[in-house]
Amino acid sequence: MARRRTKKRTHIGANNGPSGKAVPANKAANSPKSMVIRIGAGEVGPSVSQLVKDVRHMMEPGTAARLKERRGNRLRDYLTMAGPLGVSHLMLFSRSETGNTNMRLAITPRGPTLHFQVEKYSLCKDVRKALKHPKGGGKEYLTAPLLVMNNFTSPPSESDSENRVPKHLESLVTTIFQSLFPPISPQTTPLSSIKRVMLLNREPAKENDGTYTLNLRHYAITTKATGISKPLRRLNAAEKLLHSQKSGKGKKGGLPNLGKLEDVADYMIGNDGEGYMTDATSGSEVDTDAEVEVVETRTRKILSKRQRERPRTDGKNKGGKNGVEKRAVKLVELGPRMKLRMTKVEEGVCTGKVMWHEYIHKTKEEVKELDKKWEKKRQEKEARKKIQKENVERKKKAKGLGAKEGEDDDEDDMDVGEWDSEGLAGDGEMELNEEMEDRGEWGDEEEEIAAG
């Protein structure tokens with residue numbers, strides 16, 4: 001008898017995570033999720049629509065990559081669905097009447113909201129065209145990118161400026177951007193899972209004008225072994241390619257051509273015969289990438305104390321670092337690029353008290369008056385909610401009592417046997433209506449009833 005098929009890709013307990021293991025439910029629920037939305041889907045234009053797609057691709061995997069907006073959708077529709085779907089952040093792109101592209105970053109369900117003007121942006125396709133060796137889309141998007149922020153707090157030289165962003169708002173902006181992606185633990189997170197990096201750099205304000213401008217860049221992290229020649233690296237890659245072809249997973253091509261050489265040493269030494277080639281003697285460009293030491297992350301067998309001391313007595317361990325490999329780190333830009341200028345900070349989700357504004361500045365007295373107005377509005381709102389809650393409870397109680405009284409009345413009616421509207425008891429009225437419908441008189445009766 002054939003064994004019943006078990007679905008492993010789309011059902012609970014599927015092993016389709018980035019490390020081949022199922023993601024725990026509590027970890028998936030606590031990780032931040034975002035929605036990148038076009039406000040006014042048919043009015044933003046094709047360039048901004050493509051920018052929204054690129055930003056969704058950058059925010060993967062914790063975002064709604066296939067979200068479809070409609071022209072009739074409003075902000076409250078997305079806020080209504082954010083709670084059941086576990087969405088924690090909203091990125092709203094829109095275009096003003098003057099043609100400016102704006103972005104709002106809001107935390108659901110209570111805010112705050114950061115308003116940015118997108119001064120400049122470049123799409124992913126433009127970035128790929130500018131690169132000589134662009135990076136293709138692979139497994140980089142299975143895990144969230146590493147977030148790197150620079151210069152988010154103002155230097156001491158700008159502390160005396162009147163228009164500067166307050167310190168507490170700078171820390172608020174830092175916290176909001178940090179919460180976009182799940183936190184990384186250096187002790188438990190494997191280095192192989194970090195494939196991308198998102199860089200946010202704050203430009204210094206010109207002439208202490210108090211502007212808050214951020215530059216966003218998105219890169220892929222590539223590494224390669226250092227200290228060996230390029231032919232040796234190609235042989236290593238060819239060996240891996242042959243193993244993958246034997247297992248049926250690899251593609252053909254990419255093998256070095258050794259048909260015109262008499263020995264593999266000719267390929268390793270080079271045509272000039274000047275000896276073993278390295279990156280410095282191969283005549284190619286010198287790699288200026290940062291070199292780091294990567295510790296081997298594979299699981300090893302736990303050795304006893306006697307087994308650990310045996311290599312020392314045998315003299316086999318001569319001071320080398322076990323499992324440590326030097327690799328050169330190189331960043332390849334993926335896109336998109338954005339230059340964001342913060343214009344306003346609001347307390348709620350795209351509404352509420354304005355905590356900071358780039359162009360409008362108020363005195364302390366005006367701020368106090370606004371605080372009093374917002375406090376009064378808050379108290380009135382709480383009073384309305386309280387009254388509405390009391391009305392709902394009162395109606396529920398009345399409805400419950402009315403239903404009970406109605407049941408008692410029905411029982412009394414059945415006992416007394418009152419007459420119906422035509423003076424007939426029981427089912428007499430139904431029989432009379434059927435006779436009138438057969439004679440064709442029910443249509444006139446229905447018109448009289450409708451006329452009142």
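Note the full-extension length gain between K362 and R5 as 0.36 nm times their separation in residues minus their Cα-Cα distance, in nm to one decimal.
Going from the current span to full extension adds 121.7 nm.
Considering only Cα-Cα distances, which of the following residue pairs are longer than 22 Å: K53/K195; K7/K53; K167/K377; K167/K364; K353/K376; K68/K353?
K7/K53; K167/K377; K68/K353
May I ask which of K33/K129; K206/K339; K33/K326; K120/K206 have a Cα-Cα span longer than 24 Å here?
K33/K129; K33/K326
Multiply the residue separation of N236 and V148 by 0.36 nm, subtract the distance between their alpha-carbon atoms, and state the gained length in nm to one decimal. Show your work: numbers first, answer last.
On the way: separation 88, 0.36 × 88 = 31.68 nm, distance 3.28 nm.
This chain segment gains 28.4 nm when fully extended.
Coordinate-derived values only; no laboratory data. On a predicted model such as this, the values are computed, not experimentally measured, just so you know.
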